[in-house]
Amino acid sequence: MKTTEQPVDVREIRRKLGLNQSQFWSKIGVTQSGGSRYESGRNIPRPVQALLRLVHIEQIDITKVKKEDFDVAEYLKTSNPELYKNLKKEARTSKKKKV
């Protein structure tokens with residue numbers, strides 16, 4: 001599995017969220033010991049980096065995301081790119097209003 005340089009300090013993100021290693025890493029399916037190795041400097045594989053970004057930065061609950069959600073988004077993006085672009089823009093605006 002390809003790895004890449006660690007772009008952010010995951011230990012710092014975890015601490016800012018107020019989570020212990022077990023809580024933080026289990027949300028993306030990584031053991032506490034595996035997470036500890038990543039926090040100690042071991043390169044994080046790209047799929048794990050993507051999950052970290054989705055779960056801990058974008059705050060997406062990946063337990064609720066289904067493959068069909070991606071299929072629908074991809075279909076819409078391909079078949080009607082203008083509608084996809086507008087819906088994406090509306091979703092961002094709606095999210096900002098909630099915060």
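Read the figures in this text as sums done on the coordinates, not as results from a lab. On a predicted model such as this, the values are computed, not experimentally measured, just so you know. Cβ atoms come from the backbone with ideal geometry, glycine included; neighbour counts cover every protein chain shown.
Key figures for this structure:
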read-out: Residues with amide H under 5 Å from that of ILE44, placed H, sequence gap 5 or more; value: THR4, GLN6
read-out: Debye intensity ratio in log₁₀ form over the Cα atoms of the chain, taken at each q of 0.18, 0.21, 0.22, 0.23 Å⁻¹; value: -0.94, -1.08, -1.12, -1.17
read-out: Residues whose placed amide H lies under 5 Å from that of ILE60, excluding near-sequence neighbours; value: VAL55
read-out: Label-point separation, GLN32 to LYS64 (7 Å along Cα→Cβ), nm; value: 2.8
read-out: Value of [θ]222 nm, deg cm²/dmol, for the chain, DSSP H segments ≥ 4, -39500 (n - 2.57) each, nearest 500; value: -18000 deg cm²/dmol
